[in-house]
Amino acid sequence: MIGLGLWNAKDISVKALEIVRSCDFVYLETYTSRLGCDISEMEELYGKKIILANRELVEGDSDEILKKEKDVAFLIMGDVFAATTHVDLRKRAVLHGIKVVVLHNASVLTAVGETGLELYKFGKTTSIPFENENVLSPVDVLNMNRKNGLHTLFLLDLRPDEDRFMSVKEACEYLLKHTDDYMAVGCAGLGSDAPEIKYAKLSEMEGFSLIPQCLIIPGNLHFMEEESLAGFKK
Ligand SMILES: C[S@@+](CC[C@H](N)C(=O)[O-])C[C@H]1O[C@@H](n2cnc3c(N)ncnc32)[C@H](O)[C@@H]1O
């Protein structure tokens, strides 16, 4: 199980690259995020054909992957166990008596440190779904984190098969229906050469061009955090 990092084909570690090149089959899960490179770039670098694995294949019919009796690389965008359901795949592999090796990489969960916000001061992470008419759990998480002075990271819904990714703006619109117009940090394309980070009120947050995107509402700020965020003010 190999984390690919956040953006380029070359973000894979040297160790993981050597292992991918030695594997008989290479699967890439396609449903939890999006990298900034084409699959063809990855195939060229790895020298391997990549088999695309959607959610049905990984979570339902994973026997195709687990019964190969050959060396299989399972590629995951970001880090292996960050905000994904891949713990379950590992559990099933172990039940099948398969030796699983995990190779980690960068994740959105740590890349948000680029905003200058202390990673130790993030509370529970939450997701905002596309269908959010009657959904209040992200707001409950925000309120709980704020009560404890902690930062809240919102991961945004995505349907890569439909090329549909929730934008920071959509997330702000959802939150504004339920909360005050807080100062927030919007992030897009973290891990790319030119990540977009903006610090603004929810109502004024706009102007992102890269995907994927995520949103943070800071809790209590240390002066060092305030200084960092000032550099991202619109
Ligand atoms: C379900 S999480 C998958 C996390 C991934 N496994 C990882 O370790 O980074 C996907 C969500 O994280 C956020 N995200 C992922 N990569 C991002 C990036 N490079 N920049 C900004 N947000 C990102 C988006 O909100 C996206 O919808």
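The values are calculated or read from the model by the stated rules, or taken from the named source; none is laboratory data. None of these values were measured; they are calculated from a predicted model. No Cβ is skipped: glycine too gets one built from the backbone with ideal geometry, and neighbour counts run over all protein chains shown.
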Inset, instruction - Might you let me know whether the range 147-168 holds any residue that is over 24 Å from THR110 (Cβ atoms), more than 16 Å from the ligand (Cβ to nearest atom) and modelled with pLDDT of 95 or more? - result: yes
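Quick check: anything in the range 83-103 within 16 Å of the ligand (Cβ to nearest atom) and modelled with pLDDT of 95 or more?
Start the filter on the range 83-103 by keeping residues that are within 16 Å of the ligand (Cβ to nearest atom), which leaves 83-90, 102-103.
So of that shortlist, the ones also modelled with pLDDT of 95 or more come out as 102-103.
Taking every residue of the range 83-103 in turn, at least one turns out to be within 16 Å of the ligand (Cβ to nearest atom) and modelled with pLDDT of 95 or more.
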Inset, instruction - Scan LEU153, LEU142, LEU190, LEU175 and give me the residue that is of a type outside the set (Val, Ile, Thr), in a helix (DSSP H, G or I), touching a residue at least 60 places away in the same chain (Cβ under 8 Å) and surrounded by 18 or more Cβ atoms within 10 Å (Cβ to Cβ). - result: LEU142
Inset, instruction - May I ask you to list pairs of residues, at least six apart or on different chains, whose Cβ atoms are under 6 Å apart, with the first in the range 117-136 being surrounded by fewer than 17 Cβ atoms within 10 Å (Cβ to Cβ) and the second being outside any loop (DSSP other than H, G, I, E, B)? - result: LEU119/GLY113; LYS124/VAL141
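Return the residue satisfying two criteria in turn: it lies in the range 36-92 and is assigned to a strand (DSSP E or B) and in contact (Cβ under 8 Å) with a residue 60 or more places away in the chain, and of such residues it is nearest to VAL108 (Cα to Cα). Step through it out loud before you land on a result.
Of all residues in the range 36-92, those assigned to a strand (DSSP E or B) come to 51-53, 72-76, 78.
If we keep only those that are in contact (Cβ under 8 Å) with a residue 60 or more places away in the chain too, we end up with 73-76, 78.
Working: ALA73: 22, PHE74: 19, LEU75: 16, ILE76: 13, GLY78: 7 Å.
Across the range 36-92, the extreme among qualifying residues is GLY78.
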Inset, instruction - Could you tell me whether any residue of the range 109-125 is among the polar types (S, T, N, Q) and modelled with pLDDT under 95? - result: no
Inset, instruction - Exactly one condition in (1) touching a helix residue (DSSP H, G or I) at 6+ places or on another chain (Cβ under 6 Å); (2) closer than 26 Å to ILE12 by Cβ; (3) β-branched (Val, Ile, Thr) is not met by ILE128; state its number. - result: (2)
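Out of the residues in the range 169-211 meeting the condition of being β-branched (Val, Ile, Thr) and within 20 Å of LEU150 (Cβ to Cβ), tell me which one is farthest from the ligand (Cβ to nearest atom). Step through it out loud before you land on a result.
Residues of the range 169-211 that are β-branched (Val, Ile, Thr), as a first pass: 179, 185, 197, 211.
Narrowing the set further to residues that are within 20 Å of LEU150 (Cβ to Cβ) leaves 179, 185, 197.
On the way: THR179: 18, VAL185: 11, ILE197: 9 Å.
Once the filter is applied, the top-ranked residue is THR179.
Scanning the range 1-25 for residues that are assigned to a strand (DSSP E or B) and within 15 Å of VAL80 (Cβ to Cβ), which turns out nearest to the ligand (Cβ to nearest atom)? First the steps, then the outcome.
To start, the set of residues in the range 1-25 that are assigned to a strand (DSSP E or B) comprises 2-3, 5, 25.
If we keep only those that are within 15 Å of VAL80 (Cβ to Cβ) too, we end up with 2-3, 5.
Working: ILE2: 12, GLY3: 7, GLY5: 8 Å.
Out of the qualifying residues, it is GLY3.
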Legend entry - All positions within the range 42-91 that are in contact with a helix residue (DSSP H, G or I) (Cβ under 7 Å, 6 or more places away or on another chain), surrounded by fewer than 17 Cβ atoms within 10 Å (Cβ to Cβ) and among the β-branched types (Val, Ile, Thr): THR85
